[in-house]
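The block underneath contains the structure these notes are about, expressed in structure tokens.
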């Protein structure tokens, strides 16, 4: 592995205890069963899998929302263990997350300016005027206008809200950005705009992405490396071309086969098959 | 709205600040306009609000509006009937009571007490209820169980009976009556706040704020609470009227405001023995309570229509 890995995850496990009733014993549900991977600085790791396979649990552990049950996570050379030590200001500034649903991830009672300034207010000692300038600069950077600064979230479309969520997540200039299905709630044309925005921002800020998705066409477009998860295990892990050209695990093959194809030849083939 | 691309920055710094401030004001104004649109769809609510505002004005300017002082006794006109009845006097529009005090003036001064009672009771019950409810809903676990069981115990008593017991312990008087009523109304606010907090605390924006570094206090009162306010505002309005009603009931039972305070419930109690001889001494205080409570309840209904997103059309 390359030496410049910003994120090192070794044997990560996460169990949930499901409370038993009077007659049933408590059960243990393993959401993530021993996952290991590295992500190099400035690259994108795509995590693919069906719903319930542990993708979002992984995201919550990486962003220090939930603690891991076992295993180690190292971000930028520093091990994190929020169950023991909590989260420090510096660690928080290194990792941020963008959620799937842009309608739920913005506080409906907070104006956009306040949304963007909140991370700065809480983590830095920047004076108010500087915070405002930083927020305005960031609005422009993600393709919004300065007059959007004083508006409420409900006055924006889904794509614009996702831009705001992305802007909020990079206000602290994090090293690592976890994107939890950031485009799956958006329609296709807006998806492309957001993906392009993400690519531009990655170049500008030298960001590292962990991109969680179930959409293979999106993954092929944005990923450097791909990890396929299946029932909490990483069944496939390699560069994008390795995984896409030569899938080894049977689940990966099924997954690729399940992707709808819309080119003329495959439609003709399908029609021919139906006619036969 | 369209997906907009970045434009060039306006020339000067002050221009930017002024533009931002005006944009921000516009957004706030738009929200208020929307609120007023939904509120004004409900005609009863608007009428209730108008009556309530008129009542506030009358109460504030009572010394200017009232024709007589509330406790001046006119010894030549005991139990004078209202002006349109035979034997009525133009000086006493709604008649006088058994010791010769002008009923209209006493009602006007009584409005002050009623509004005062409503404001104080709701403030105590609301602030206590919000704090307990947010704590219970946010921390869950043993704290939640403890707070909610105590509230359940308070709710298990009939409300007026509990208020009566509390006043009996604390001693009769308007202040103690208000404290007792606030305690009795408190559990409703706690439950409502807790329920709202429970539904909000796991939303993505709360997680995002926590990731941005917000501590428990900020999350509870700055991030979650403003999103739980709509049902609380409605409940506060409805509690305002029930506080007035309960205070009148306590006054009627001799446990609230003490005579000669011109409180509406106390006025009713004093007039009890003249019910058959002089109908006006009981009717007008009763009507005042009825109409005020009705108006405030109508406003509460209108607020619910305006604030509850589930009832919104479009």
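The values are calculated or read from the model by the stated rules, or taken from the named source; none is laboratory data. In this text, all values refer to a predicted model and were calculated from it rather than measured experimentally. Quick reminder, even Gly has a Cβ in these numbers, built from the backbone with ideal geometry, and neighbours come from all protein chains shown.
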Residue pairs qualifying under the 9 Å Cβ cut-off, at least six apart or on distinct chains, with the first in the range A:255-269 being over 25 Å from residue A:213 (Cβ atoms) and the second being in a helix (DSSP H, G or I), are none
Wholly inside the range B:166-269, helices (runs of 4 or more DSSP H) that include 1 or more residues that are touching a residue at least 24 places away in the same chain (Cβ under 8 Å) and surrounded by 23 or more Cβ atoms within 10 Å (Cβ to Cβ) are B:174-200, B:229-252
Single residue of A:172, A:207 found to be farther than 30 Å from residue B:220 by Cα and touching a strand residue (DSSP E or B) at 6+ places or on another chain (Cβ under 9 Å)
A:207
Among the numbered criteria (1) touching a helix residue (DSSP H, G or I) at 6+ places or on another chain (Cβ under 9 Å); (2) surrounded by 15 or more Cβ atoms within 10 Å (Cβ to Cβ); (3) at pLDDT below 85, which single criterion is violated by residue A:181?
(3)
Checking residue B:229 against (1) within 14 Å of chain A (Cβ to nearest Cβ); (2) modelled with pLDDT of 90 or more, which single condition isn't satisfied?
(2)
Of the listed residues (A:272, A:257, A:262, A:276), the one being more than 30 Å from residue A:132 (Cβ to Cβ) and either at pLDDT 85 or above or in contact with a strand residue (DSSP E or B) (Cβ under 8 Å, 6 or more places away or on another chain) (or both) is A:272
Selection status of residue A:39, more than 30 Å from residue B:20 (Cα to Cα), touching a residue at least 60 places away in the same chain (Cβ under 8 Å), touching a helix residue (DSSP H, G or I) at 6+ places or on another chain (Cβ under 9 Å) and assigned to a strand (DSSP E or B)
no
Of the residues in the range B:129-146, those that are part of a helix (DSSP H, G or I) and either under 16 Å from residue B:196 (Cα atoms) or touching a strand residue (DSSP E or B) at 6+ places or on another chain (Cβ under 8 Å) (or both) come to B:129, B:130, B:131, B:132, B:133, B:134, B:135, B:136, B:137, B:138, B:139, B:144
Being surrounded by 13 or more Cβ atoms within 10 Å (Cβ to Cβ), farther than 22 Å from residue B:297 by Cα and more than 14 Å from chain A (Cβ to nearest Cβ) narrows it down to one residue among B:46, B:83, B:58; which is it?
B:83
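Check B:126, B:94 and return the single one that is part of a loop (DSSP other than H, G, I, E, B) and touching a residue at least 12 places away in the same chain (Cβ under 8 Å). Talk me through it step by step, then tell me what you get.
Numbers: B:126 fails: part of a loop (DSSP other than H, G, I, E, B).
Checking each option against the conditions leaves just B:94.
Let's see how each residue does on (1) facing chain B (nearest Cβ under 10 Å); (2) touching a helix residue (DSSP H, G or I) at 6+ places or on another chain (Cβ under 7 Å); (3) under 17 Å from residue A:221 (Cα atoms); (4) part of a helix (DSSP H, G or I):
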{"residue": "A:143", "(1), (2), (3), (4)": "yes, yes, no, no"}
{"residue": "A:164", "(1), (2), (3), (4)": "no, yes, no, yes"}
{"residue": "A:167", "(1), (2), (3), (4)": "no, yes, no, yes"}
{"residue": "A:186", "(1), (2), (3), (4)": "no, yes, yes, no"}
Hits in the range B:18-38 - residues which are crowded, with 18+ Cβ neighbours inside 10 Å and either more than 10 Å from every other protein chain (Cβ to nearest Cβ) or in contact (Cβ under 8 Å) with a residue 40 or more places away in the chain (or both)
B:38
Which of (1) closer than 26 Å to residue B:21 by Cβ; (2) out of contact with any helix residue (DSSP H, G or I) (no Cβ under 9 Å at 6 or more places or on another chain) is the odd one out, the single condition residue A:115 does not satisfy?
(2)
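Look at residue B:117 and say whether it is surrounded by fewer than 18 Cβ atoms within 10 Å (Cβ to Cβ), touching a residue at least 24 places away in the same chain (Cβ under 8 Å) and in a helix (DSSP H, G or I). Break it down into steps so the answer makes sense when it comes.
Details: surrounded by fewer than 18 Cβ atoms within 10 Å (Cβ to Cβ): no; touching a residue at least 24 places away in the same chain (Cβ under 8 Å): yes; in a helix (DSSP H, G or I): yes.
So residue B:117 fails the test.
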Which count do you get for residues in the range B:132-190 that are closer than 30 Å to residue B:210 by Cβ and more than 17 Å from the chain's Cα centre (by Cα)?
20
With respect to residue A:7, is the statement that it is surrounded by 14 or more Cβ atoms within 10 Å (Cβ to Cβ), touching a strand residue (DSSP E or B) at 6+ places or on another chain (Cβ under 7 Å) and either under 27 Å from residue A:258 (Cβ atoms) or at pLDDT 90 or above (or both) true?
no
Could you please let me know if residue B:29 is at pLDDT below 85 and either in a loop (DSSP other than H, G, I, E, B) or more than 30 Å from residue B:276 (Cβ to Cβ) (or both)?
no
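Closer than 30 Å to residue A:63 by Cα and more than 14 Å from chain A (Cβ to nearest Cβ), is that true of residue B:194?
Numbers: closer than 30 Å to residue A:63 by Cα: yes; more than 14 Å from chain A (Cβ to nearest Cβ): yes.
Yes: the conditions hold for residue B:194.
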